[in-house]
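Peer 1: The structure follows.
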Amino acid sequence: MARALIGVLAAWGCTQTPPEIVPLPTARADIDAELRADEAALRSISDGGGRVTLFEGPTSPPVVGSTARFGLRFEVGPHGIAVGGAVVFQSPPFWGWSPAQVHDPLAPGFTAFRTTHGTLEVAGAAEGQVFARVQGAPLPPGAVVEIVYGAGEAGVQVDRHPEEGEPLRVGVDGDGDGVRAWVADLPRVAVVAGAPVGLWVTTPTTARPGERVRLTVAALD
């Protein structure tokens, strides 16, 4: 029976044409290729090294759509960061977070880097990713880089939807080859709903007389 089954499967595999995968019209082939290349890239021992803590932020979880400021304290890992290496910050990419940017201090999402351990060249990239490249001398283990997301007057607009723990991503390109890895155990931000101002009530569209039906009630902010 096993031989017969293998023969049937082999015959099916030889005669069936695999279905063609047609991408959606809105698919971003460039992003797909970029993600695959990043996943396959080799990381050095210093990439992603270090520790990140939150030293500034709201005293309570921010309400959806409100503005806030977040300060991250990055401590360089045991292998340091070479000249040409970088500390990278990625703002949350979904649901209305202000993209991180370094060009306009008056606009939402302005992000600042500071350190007392060396010289940093700050630049920005697409999709809310900004970075500070190490200049002059390497950053030694234990050196501190502070990243303030929302450093300008406009701050940062947070998510339009409640969530339990959105990560604030910090990455490290330790050897300067252009490949970064994310630091482990990133700080996470909770976003909560506002005070309810109305109820959305949903019932079935049909029911028999005397039948029990389910009523769904949602509080909306």
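The values are calculated or read from the model by the stated rules, or taken from the named source; none is laboratory data. All values derive from a computational prediction rather than experimental measurement. Note: ideal-geometry Cβ built from the backbone for every residue, glycine included; neighbour counts use all protein chains shown. Keep in mind that these areas ignore ligands, DNA and RNA; they rest on the heavy atoms of the full protein, side chains included. Shrake-Rupley method; radii C 1.70, N 1.55, O 1.52, S 1.80 Å.
Peer 1: In the range 84-114, which residues are among the aliphatic types (A, V, I, L, M), in contact (Cβ under 8 Å) with a residue 60 or more places away in the chain and closer than 14 Å to Glu146 by Cβ?
Peer 2: Val87
Peer 1: What do you reckon, is Asp30 under 17 Å from Asp175 (Cβ atoms), open to solvent by 20 Å² or more (accessible area, probe 1.4 Å) and of a type in the set (D, E, K, R)?
Peer 2: In short, no.
Peer 1: Residues that are under 29 Å from Ile45 (Cβ atoms) and in contact (Cβ under 8 Å) with a residue 60 or more places away in the chain: does the range 150-160 have at least one?
Peer 2: No.
Peer 1: For residues that are in contact with an Asp or Glu (Cβ under 9 Å, 6 or more places away or on another chain) and more than 23 Å from Arg69 (Cβ to Cβ), scanning just the range 112-142, find the one that is surrounded by the fewest Cβ atoms within 10 Å (Cβ to Cβ).
Peer 2: Among those residues, the one meeting the criterion is Gln135.
Peer 1: What do you reckon, is Ala68 farther than 27 Å from Leu220 by Cβ and either loosely packed, with under 15 Cβ neighbours inside 10 Å or modelled with pLDDT of 95 or more (or both)?
Peer 2: In short, no.
Peer 1: Step by step: first the residues of the range 150-170, then only those that are under 12 Å from the mean Cα position of the chain (by Cα) and surrounded by fewer than 18 Cβ atoms within 10 Å (Cβ to Cβ), then the one that is farthest from Thr53 (Cα to Cα). Which residue is that?
Peer 2: Within the range 150-170, the match that is farthest from Thr53 (Cα to Cα) is Gly165.
Peer 1: So Pro187 fits all but one of (1) under 14 Å from the mean Cα position of the chain (by Cα); (2) open to solvent by 40 Å² or more (accessible area, probe 1.4 Å); what number is the exception?
Peer 2: (2)
Peer 1: Of the residues that make up the range 124-136, is at least one of a type in the set (D, E, K, R), over 26 Å from Ser60 (Cβ atoms) and at pLDDT 90 or above?
Peer 2: Yes, there is a match, as at least one residue in the range 124-136 is of a type in the set (D, E, K, R), over 26 Å from Ser60 (Cβ atoms) and at pLDDT 90 or above.
Peer 1: Still on this structure: Does Val145 satisfy the criteria of being among the β-branched types (Val, Ile, Thr) and surrounded by 19 or more Cβ atoms within 10 Å (Cβ to Cβ)?
Peer 2: Yes: the conditions hold for Val145.
Peer 1: What number of residues in the range 1-27 are modelled with pLDDT of 65 or more and open to solvent by less than 90 Å² (accessible area, probe 1.4 Å)?
Peer 2: Here the count works out to 1.
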